[in-house]
Amino acid sequence: MKTLILLFFCVICSTGVTIAQNIYVTLSGQVKDAKDKSPLPYVNVVLKKQADSNLVQGTISSEEGRFVLSGIPSGTYLIEISYLGYKIFRREQLVGKLSAFLDIGTIELQPDSKLLNEVVITGAVEDGVSDKMDKKVFSLGNNVSQTGGSVLQAMQNLPGVTIQDGKVQLRGNDKVAVLIDGKQNAITGFGSQSGLDNIPASAIERIEIINNPSAKFDANGNAGIINIIYKKNRQEGWNGKVGLTSGLGALWERKNNLPGIRPQYQATPKLNPSLSLNYKKNAFNTFLQADWLYTQTLNRNEFGERIYDNGSIILQQVKRNRTTTFATAKTGVDWNPDEQNSFTISGFFNREKIIDDGDTPYFNGDFSRRIRLWQFVEDEVKYTSTGSALYQHKFKQPGHLLNAGFNYTFHREDEKYFFTNIMPTFTGEDAFKLLSDEHVSDLNLDYVKPLKQGRIETGLKFRRRTIPTNMRFFPGINSPLDVNAGGWADYKETIPAVYANYVFENKFFELEAGVRLEYVKVNYDVNPNHNTYKSDGYDYAQPFPNLRFGYKFDDRNKLALFYNRRVDRPNEVDIRIFPKYDEPEVLKVGNPTLRPQFTDRIELGHKLNWSKGNLYSAVYHLATDATITRIGTIVPNNTIIYNIFQNAGKSSSTGAELTLHQEINSWFSFNTSAALYRSMINAFSVENRYPVPTIYAMNEQRITSGNMKLNGMFRMPKQTDIQFSAIYLARDIIPQGKIGSRFSVDMGAKKQIQKGKGELFLNVNDLFNTLKIKKEIIGNGFKFNSTDYYETQLFRLGYSYKF
């Protein structure tokens with residue numbers, strides 16, 4: 001830990017895929033006669049640099065007296081407005097970094113006479129994306145070492161991001177809301193995260209990481225928001241991109257199987273063809289993004305040891321060979337009937353099929369006796385269809401917008417498990433089938449109006465979500481399945497919400513303040529024959545404020561203070577009443593009594609820019625009430641561990657993050673990032689109700705942990721780029737225990753060919769095959785130590801062509 005802390009302050013942080021953000025602003029206003037208030041057409045409007053009076057841009061007003069100056073970089077300018085017969089108007093104009101549109105308002109020109117009155121104007125300022133320090137933006141095209149992989153793989157090199165158990169963590173926290181094009185989607189989960197390992201990165205334009213969301217975003221996700229932006233072109237005529245990626249993983253066994261089970265997957269193939277098409281003519285723009293992904297993966301290869309207080313020891317291996325096909329298509333049409341109005345109709349379609357072949361042998365402590373061999377086949381198909389209708393009205397004032405949208409999502413989960421339970425005296429055949437249909441309807445209305453020195457944003461959202469689920473068990477001889485824990489369950493969720501957000505900026509200060517009011521009502525109806533759980537639910541009405549206050553020392557040096565309050569509602573999967581038997585002696589069961597957790601966050605950030613680099617630093621503190629975590633317990637005279645989600649009381653995390661980007665010369669640049677945090681879970685006591693009531697108490701847990709990342713980019717002759725990435729994750733807290741440190745190195749190269757239209761790439765993940773997951777769990781009467789040698793090393797080769 002001392003080494004980690006020392007390296008933290010020596011290394012500083014960021015990642016090799018950061019986009020340098022160029023902030024451009026549109027200024028608008030209207031010119032009128034000061035006496036009769038009539039609009040003045042064809043007035044000369046000129047913007048000059050304050051420092052040297054050099055011309056930046058000029059225009060003339062329309063017949064309504066309105067003018068627009070577009071593409072203005074942030075800075076301090078002089079605006080000069082002149083018209084024959086009127087006094088020339090001059091004023092200093094600040095262009096900030098918080099808003100893409102600034103309304104200078106109405107400028108009244110005085111007639112050219114001796115009685116000149118001082119003109120009163122309305123100015124405005126703002127703009128900024130990453131410069132607001134509330135989010136970071138990354139282009140996947142710059143992430144050479146992860147080109148051709150999944151979105152989950154592409155994110156593992158990003159600053160402040162770690163991957164654990166197939167989930168993204170921001171600053172060590174997996175309570176992340178994942179959006180696709182700014183909206184929640186069944187593929188990535190409503191309020192949780194899933195499916196990221198199967199979304200091809202080839203379909204994605206960029207990824208936004210929002211640590212401090214404003215009130216216009218849904219309140220869920222205390223760690224922040226990840227917004228995945230799909231590719232979409234708007235060039236005139238036909239254009240697009242076609243690509244093909246292939247790969248091989250698990251080229252050799254990292255650890256031999258325990259005796260008597262089927263082989264691990266080796267030399268696992270990967271294939272990902274992709275197609276992006278766009279056609280634009282006049283007022284119409286149509287688009288299509290289609291991907292097909294085929295992978296074989298050694299998804300899990302965990303070797304474990306369970307040690308019980310009575311002295312018994314069970315040695316085990318959980319091996320899962322997975323075959324996945326994942327097909328997606330996003331298509332739609334944009335229609336702009338005039339300059340003020342636009343319509344978008346789009347559809348998102350997905351089919352995911354997973355076949356898992358699993359083996360889980362159990363032995364006594366010296367391998368002299370096999371206790372059980374559990375084999376299973378999982379056959380799961382997921383279907384997702386999303387339809388969206390969006391309308392945007394642009395008022396005559398640039399940046400003055402009204403957006404309305406309706407989204408409907410259908411998601412089906414059709415899951416079948418077939419088990420072979422091989423015991424010393426008999427062999428049983430068991431099965432279960434799960435069918436779940438999710439229906440989600442979202443109605444959104446958003447309004448934005450630029451002001452003199454900022455903007456206001458307000459809107460509303462209404463969601464109705466229902467998930468009827470049915471689990472059926474088919475027991476065999478001496479079946480271990482709990483057939484009385486099946487049946488139907490219905491999840492129903494209703495959320496109306498309204499929000500308002502205000503942004504202000506002047507030469508020295510920035511302010512963004514907002515609040516989101518949400519009412520949530522959840523009903524979970526359980527079939528009356530269930531042996532443990534009954535119908536349950538919850539509701540709440542709460543405000544979720546956000547505040548950002550910034551101070552600009554100068555154009556390169558800024559400080560920002562953030563505060564927000566957020567919520568994490570239990571996802572439907574977390575409260576499902578059905579035990580899952582892919583691992584029969586470490587069962588996962590939902591908990592319908594689970595309640596939301598609420599988190600308050602405060603953060604202080606600082607950004608320093610210079611000509612060829614920048615440094616971002618932040619310190620933060622999170623305090624969470626009713627912390628959601630999974631708790632494993634055993635019952636008397638039984639060695640089965642039951643993992644059940646619980647609200648474990650209060651927890652907190654205090655940390656610091658640094659990001660450094662530096663261009664050394666024209667052919668080499670590097671980024672390095674580091675995060676250091678102190679996590680604490682207060683002492684708590686909970687009752688796991690399944691299969692029988694069991695009390696578990698845990699003392700306070702504390703640990704100091706962090707991560708470091710280094711990315712270097714070499715720009716070689718003949719349009720060739722080479723990138724390397726190194727990641728170190730320190731030992732950290734997990735529910736009831738700890739996870740060990742991890743380290744990996746990735747490398748990649750790409751070359752532009754065919755006059756820049758074609759691209760070849762080659763990369764490798766976990767070059768030295770060092771990444772493995774080591775866990776230590778302590779429960780009521782047992783310890784569980786495990787190491788997962790799952791597939792991490794992967795070689796990829798690909799080609800793409802733009803037309």
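When the gyration tensor of the stretch 231-330 is built from Cα positions, what are the square roots of 5 times its three eigenvalues, in whole Å, from largest to smallest? Please list the in-between numbers first.
Details: eigenvalues 454, 47, 14 Å².
Values for the stretch 231-330, descending: 48, 15, 8 Å.
Hey, if you put +1 on the Cβ of every Lys and Arg and -1 on every Asp and Glu Cβ in the stretch 304-390, which of L315, Y383, G304 ends up farthest toward the positive end of that dipole? Comparing the listed Cα positions along the dipole, L315 ranks first. 3J(HN,Hα) along the stretch 436-452, derived from phi through the Karplus expression 6.51 cos²θ - 1.76 cosθ + 1.60 where θ = phi - 60°, amounts to 9, 10, 9, 10, 10, 10, 10, 10, 10, 9, 10, 10, 10, 9, x, 10, 4 Hz, with x in place of Gly and Pro. For the stretch 703-749, trypsin sites (Lys or Arg not before Pro) are listed when DSSP marks them as loop and at most 16 other Cβ atoms sit within 10 Å of their Cβ; the list is K718.
Just the protein heavy atoms count here, and of the accessible area of the chain at 1.4 Å, carbon and sulfur take up 57 percent.
Over 30 Å apart at the Cα level, from the set K231/K492; K255/K738; K49/K552, are K231/K492.
Both numbers refer to the Cα atoms of the stretch 489-576; Rg and Dmax are 20.6, 68 Å. The angle separating the long axis of helix 2-11 from the principal Cα axis of greatest extent in the chain is about 30 degrees.
Kirkwood-based Rg over Rh for the stretch 526-658 (C-alpha set), two decimals? Don't jump to the answer; show the numbers that get you there.
Numbers: Rg = 21.7 Å, Rh = 18.4 Å.
Rg divided by Rh gives 1.18.
What pairs in K241/K757; K37/K87; K280/K396; K461/K521; K580/K772 have C-alpha atoms more than 18 Å from each other?
Numbers: K241/K757 9 Å; K37/K87 16 Å; K280/K396 24 Å; K461/K521 15 Å; K580/K772 25 Å.
Over 18 Å Cα-Cα: K280/K396; K580/K772.
Counting Lys +1, Arg +1, Asp -1, Glu -1, what net charge surrounds L78 among other residues with beta carbon under 9 Å of its beta carbon?
Numbers: positive: K48, K49, R90, R91; negative: E80, E92.
That works out to +2.
Only DSSP H runs of four or more residues enter the estimate; each adds -39500 (n - 2.57), and after division by the residues of the chain the mean residue ellipticity at 222 nm equals -500 deg cm²/dmol. Cα gyration tensor of the stretch 257-315, axes a ≥ b ≥ c as square roots of the eigenvalues: rounded (a/c below 1.5), prolate (a/b > b/c) or oblate? Judged from the Cα gyration tensor, the stretch 257-315 comes out oblate (a/c at least 1.5, b/c at or above a/b). The residues of the chain present an accessible area of 41 Å² per residue when probed at 1.4 Å with all protein chains retained. Its alpha carbons give the stretch 732-784 an Rg and a Dmax of 20.2, 66 Å.
The charge dipole of the chain, taken about its Cα centre with unit charges on the Cβ of Lys, Arg, Asp and Glu (plus for the first two, minus for the last two), comes to roughly 1300 debye.
Roughly speaking, what % of Cα-Cα pairs in the stretch 364-427 are separated by over 15 Å, rounded to a whole number?
Details: 1504 of 2016 pairs.
So the portion of pairs separated by more than 15 Å is 75 percent.
Computed log10 I(q)/I(0) for the chain at 0.08, 0.09, 0.10 Å⁻¹: -0.74, -0.93, -1.14, from the Debye equation with unit scatterers placed on every C-alpha and solvent omitted. Packing, as the average of other Cβ atoms within 10 Å across residues, places the peptides 781-789, 33-41 in the order 781-789, 33-41, highest first.
Taken along its three principal axes, the alpha carbon spread of the stretch 265-409 comes to 80, 35, 21 Å, from the longest extent down to the shortest.
Other residues with beta-carbon under 12 Å from the beta-carbon of S436 carry, at +1 per Lys or Arg and -1 per Asp or Glu, a net charge of -4. Comparing Q57, T629, I229 along the charge dipole axis of the chain, the residue lying farthest to the positive side is Q57, per the Cβ-charge model.
Taken over the alpha carbons of the stretch 429-583 as equal point scatterers, the Debye sum produces base-10 log I(q)/I(0) values at 0.09, 0.10, 0.15 Å⁻¹ of -0.51, -0.58, -0.88.
The values are calculated or read from the model by the stated rules, or taken from the named source; none is laboratory data. Please read these numbers as outputs of a predicted model, since none were measured by experiment. Using ideal geometry, Cβ is built from the backbone for each residue, glycine included, and neighbour counts are taken over all protein chains shown. Ligands, DNA and RNA are excluded from the accessible area calculation, which covers all protein heavy atoms including side chains. Shrake-Rupley method; radii C 1.70, N 1.55, O 1.52, S 1.80 Å.
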